[in-house]
Structures are given as structure tokens and as C-alpha cells.
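Report on the following structure.
Just so it is clear, none of the values below were taken in a lab; they were calculated from the coordinates. What you see is a predicted model, and the numbers here were worked out from it, not measured in a lab. Glycine gets a Cβ as well: all are built from the backbone with ideal geometry, and neighbour counts include every protein chain shown.
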Amino acid sequence: MLPDDDLQAVQKLNESYHRVTSELSKIIVGQHNVIEELLVAMFACGHCLLVGVPGLAKTLMIRTLADALSLSFSRIQFTPDLMPSDITGTEVIQEDKHSGVREFKFLRGPVFANVILADEINRTPPKTQAALLEAMQEHQVTVGGKRHQLAEPFFVLATQNPIEQEGTYPLPEAQLDRFMFNIFVDYPEEEEEYEIVKRTTAEPLVRISATLTAEEILGLQQIVRKVPVAEHVARYALKFTRLTRREKGEVPDFVRDYVSWGAGPRASQYLVLAAKARAVLHGRYFVSSEDIRAVAAPVLRHRIITNFNAEAEGIKPDDIVRRLIEIIPVADEPPDAARLPEVFKAAGVR
């Protein structure tokens, strides 16, 4: 049950969602699903991997989102010669002019910001990727045996080109699993591309207004975690994860045929958290099975490892998720109003 103050905060989050998307639409044309998935992940305290060909405004979208949320922003261009200290920072020797005493001083790297754009993250070797892994999981970096806490909220939004693979290093599975969403950025529709051409070939006059502060975002993230989830919805989410594990229990034939490794428990956690955030962004005080289905593909597509048979037949992880949506029974929706807490009834939930 959510207190009245939290219910008001849910409404505020819904209003903030519309304000942020309105600000982003001043710069970004289309890509509504991508923007929604970005905001869902951010309010659920998750990181995102954006996969798409060059020129689809991935970098611009992330920078504009940071501006619209009044957050500090750092862009890190990942290259083969990038070192861990180029991300986390390094210790340098400084001498006190008066006493002559020399001591180490830590100079912070670009990872000390609220929003980190890891541009072309797969172009740096595993040693450097490992430096980012600690920041993503622990929200800290360790340099010279000392821990340094990162700014909160903290999000890593990484981009990756799915076409060009020369000079790239595949991301370790442990690092991929730290990304809540793998977001596919597709080509724009014809009318959207026409609008892009009009906007980008004229003098830019648009200015982005900040809508939320870091403190407000942290408060709204706590609200997301308080949103209740019915048992049948939580078990519905679990089925998506458990049915991808070919060696565990009864799984569909297409999973046995096309999947090498399935999703781990973190996928189940992210399915529920992302569904909570999506429900709140849409102004609802409960999670539905539709919320689970909406976030299933971005949560699972980078956690399902397909085999040679799938590659030979052109079967992608998204196809596996789509088939799971078709075969997993949907729980009765919406929940019975008679079983809703009184505070939900007072709020007009049906």
C-alpha cells in the first residue's frame, strides 16, 4: 500500500515523464519507444546499451536527456588505446609550496558525473571495460586502494554499432548483464526523416529546459520500488526468464533448439523493476502483465545466447522473446477492484 504522499509522487512522476518527453521532442524526432525505454531504465536505477547504426542521434539523445533532467554529463569516446585511468581518474604527486611536503592527490576522471555516455563501448579492450564494470555495479571506483563514491543518480548509457566489427572487443557477459536494457535504435520513418532534414539544415533555435533535479530523481526512484506487484504478475515475469534455460525443467522445443544459455536471476529482477517504472510513468499504481511484455525484449535480448542453429536459420533473441510472449498464459487483467487496497480505490484505480 502506498501512502498518500507517495501516490502524489506517482502522479508527479507521470507528469514529469510527459514534460521530459516534450522537451526531448524539441530536438529528437520520433524514437518514442527508445525514449520511453531510456526513462523507464533511469527511474528504475538501470543502465542502458543503445545499439544502432551511425547517424541515428544516439549520442544527441543521451546528451539532450541529461540536459532535460538537469544532470551532469560526461562523454567518453572508447578507443583501443583508452586506459582505465582515462575513465576513473588517477593519482598525481603534488608538492606543498610552503612545507615542501609531497603527497598523492586524486584527480577525478570523466566517470564522476550523473550521466555517462560510453560511446562505442565495444572499441576498448577488456582491461578498460573492467574499470567501468565496478562503477556500473558498485557506483564507486577504486584507485590506489581507496574507494571513491560516484555522484548519484548514476547512469551509464552506452552506444554500440552493430555493423562494423573490425577493431572491436565483444563485451564480457558479466558486463552485458549489468545493463538493464539493450535498446535497439531503428531507422526513422519517412516523414520523421523528412522532419530531421528540415531541422538539421536550418539555424538551430531550440533550447532545452531542465525539468527534474538530481534530488527529485532520487526520490522518484524510491517511489518506483514501493509500487506493489501482484504475485501472479511477478510469477508471469519469472516464466520469461526460467523458460529460456534449456537445461532447467520443461522448456519449449524452440528454446532447446535455438538457445545455448538463458537469462539469469538479474533478468527477473529487472523485468519486475522495469515494469514498475513503466506502470508509474503511465500514471498507474499497479503493475500489469502488459508492462512485463513491454519490457521483455529490451531486458532479455542481450541475456539470451543463441546457438549455431539459430544463426543458420536467422533466429534472433527477439524472436525467442516474441514466441515466449505467445505461449506464456496471461494472467487475468486488470486486477479485481474488490481486492485492491483502499488507498488505490480512493485514487480512482479500476
Note to self: Let's see if you can work this out: charge +1 on each Lys and Arg Cβ, -1 on each Asp and Glu Cβ, no other charges. What is the dipole magnitude of the chain about its Cα centre, in debye to the nearest 20?
What the structure shows: 840 debye
Margin query: Going by Cα centres, the stretch 48-67 and the stretch 201-230 are how many Å apart?
Written below: 16 Å
Item checked: Fraction of antiparallel bridges per DSSP, the chain only, in percent to nearest 5 -> 40 percent
Next item on the list: First select every other residue whose beta carbon is under 11 angstrom from the beta carbon of M136; then total the charges, Lys and Arg +1, Asp and Glu -1.
Entry: -2
Check: Can you run phi through the Karplus equation (6.51, -1.76, 1.60; θ = phi - 60°) for the stretch 140-146 and list ³J(HN,Hα) in whole Hz, with x for Gly and Pro?
Finding: 7, 10, 10, 10, x, x, 10
Next item on the list: For V197 paired with R19, estimate the spin-label separation in nm (one decimal), with each label point 7 Å from Cα along the Cα-to-Cβ line.
Entry: 3.7 nm
Check: Farthest toward the dipole's positive end in the chain, which of I35, T200, A214, given Cβ charges of +1 (Lys, Arg) and -1 (Asp, Glu) about the Cα centre?
Finding: A214
Next item on the list: Write out the trypsin sites (Lys or Arg not before Pro) in the stretch 1-91 meeting two conditions: DSSP loop, and at most 15 other Cβ atoms within 10 Å of their Cβ.
Entry: K26
Checklist line | Label assignment, Rg and Dmax of the Cα atoms in Å derived from the structure, set (1) 21.9, 75; (2) 23.1, 74; (3) 20.1, 61 | finding: (1)
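Once you list every other residue whose beta carbon is under 15 Å from the beta carbon of I28, what net charge do they have if Lys and Arg are +1 and Asp and Glu are -1?
With Lys, Arg at +1 and Asp, Glu at -1, the net is -3.
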Notebook entry, point to check: Between N309 and I325, what is the label-to-label distance in nm when each label sits 7 Å out along the Cα-to-Cβ direction?
Noted result: 2.4 nm
Notebook entry, point to check: Spin-label point model (7 Å from Cα, Cβ direction): what's the Q94 to F106 distance in nm?
Noted result: 1.4 nm
Checklist line | Sum of side-chain charges, N114 neighbourhood, beta-carbon under 15 Å (Lys, Arg +1; Asp, Glu -1) | finding: -1
Notebook entry, point to check: For the stretch 1-137, max minus min Cα coordinate along each principal axis, in Å, sorted largest first?
Noted result: 58, 42, 29
